[in-house]
1. Which residue is modelled with the lowest pLDDT, if the candidates are limited to the range 53-75 and must be over 12 Å from the mean Cα position of the chain (by Cα) and aliphatic (A, V, I, L, M)?
2. Among the residues of the range 80-102, write down those that are farther than 23 Å from residue 117 by Cα and either at pLDDT 80 or above or loosely packed, with under 14 Cβ neighbours inside 10 Å (or both).
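The values are calculated or read from the model by the stated rules, or taken from the named source; none is laboratory data. The model shown is predicted, which means the values in this text are computed figures rather than measured ones. Glycine also receives a Cβ, built like all others from the backbone with ideal geometry; neighbour counts cover every protein chain displayed.
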Amino acid sequence: MSRRCKKRRAMAEMNVVPYIDVMLVLLIIFMVTAPMMQTGVQVDLPDADASTMESGEGELPMTISLDDKGVITLENGTDTFKEITETELTSHMKGQLGDKNLRAVNIRADSNIAYKQIMRVMVAAQQAGAKKIGLVADLKEDK
C-alpha cells in the first residue's frame, strides 16, 4: 500500500472580521472627537433678538473674526489666515468669492470692539467684491 502524501493547501480567503472591528472602533473615536475639533477664534458675540439668515448658494460662507484686541482672522472653510491686515484681507478674499461674488461673508466681532473697526473690516470685504455681508450674534436668551 502506497501512501500518498497529503499536503495542506494554503487558505485563499482573508478573514475580514478583525478589520471590521478596528473600523468600528475608529468610527466611534471619530464620532466622539469630531465635535471637539471646532476651529475658530474665541469671540464674545453680542446678543441680538433676530432670526437666522440663509446663505443660499450651497457654498459655505466665509467668516471674518475680530477678537477683543482687534486681530482679524479669515476662515474660508479650508484655509485660515490669522492676524492679517485689511489690505491682506481684501487680497485673500478677491479670488475666493466666486464668479458672481454671491458667496456670503459673515463677520464675527467681539462685543467689546469699537464700531469703527467693524466698519473697516466691512469696507475691506466690500472692496474685495463681497455683496452679501452679515454680522454674527448670539441669540438673545430670555432671563
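1. 53
2. Within the range 80-102, 95, 98, 99, 100 qualify.
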